[in-house]
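The values are calculated or read from the model by the stated rules, or taken from the named source; none is laboratory data. Here the structure is a predicted model, which means the values were calculated and not measured. Cβ placement follows ideal geometry from the backbone for every residue including glycine, while neighbour counts extend to all protein chains displayed.
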Amino acid sequence: MLEASKPTEEIDVIIRVPLIRRSVLVLYGEARYHWEHFVLREDIISRRVCIAYREFTPPYLANGVHSETGNEITRRAKHFWDHTKKKQENNIKELQQRCDELLL
């Protein structure tokens, strides 16, 4: 596991972390919150699939200074996913099939 912390002085540097096919990268701590992180287009040499799980930080939760924005984002997000149990089961099956196809 690669561990990193923020430098004591501001520097502009790019660190490339090559990942093999089907890798998982989990960002947390300073790398997630204090570093700019992205994939450079020039480093993408074939199809790339990214699944990102996000959570609201406290300012966007209930009683936070940006809670109205958090509520609006949540409201809009619900248009992209039917949250009924039957639909969720169908969506999970469909996602599993797609993942199986990708892994072949």
Inset, instruction - Could you look through the stretch 1-38, keep only residues that are among the basic types (Lys, Arg) and either exposed (fewer than 10 other Cβ atoms within 10 Å of the Cβ) or touching an Asp or Glu at 6+ places or on another chain (Cβ under 9 Å) (or both), and pick out the one that is modelled with the lowest pLDDT? - result: Lys6
Inset, instruction - Of all residues in the stretch 39-56, count the ones that are under 23 Å from Ala77 (Cα atoms), at pLDDT below 85 and not acidic (Asp, Glu). - result: 6
Inset, instruction - Consider only pairs whose beta carbons are under 6 Å apart and that are at least six residues apart or on different chains; among these, list those whose first residue lies in the stretch 27-51 and is part of a helix (DSSP H, G or I) and whose second residue is of a type outside the set (Val, Ile, Thr) and surrounded by 10 or more Cβ atoms within 10 Å (Cβ to Cβ). - result: Glu30/Ser5; Glu30/Lys6; Ala31/Ala4
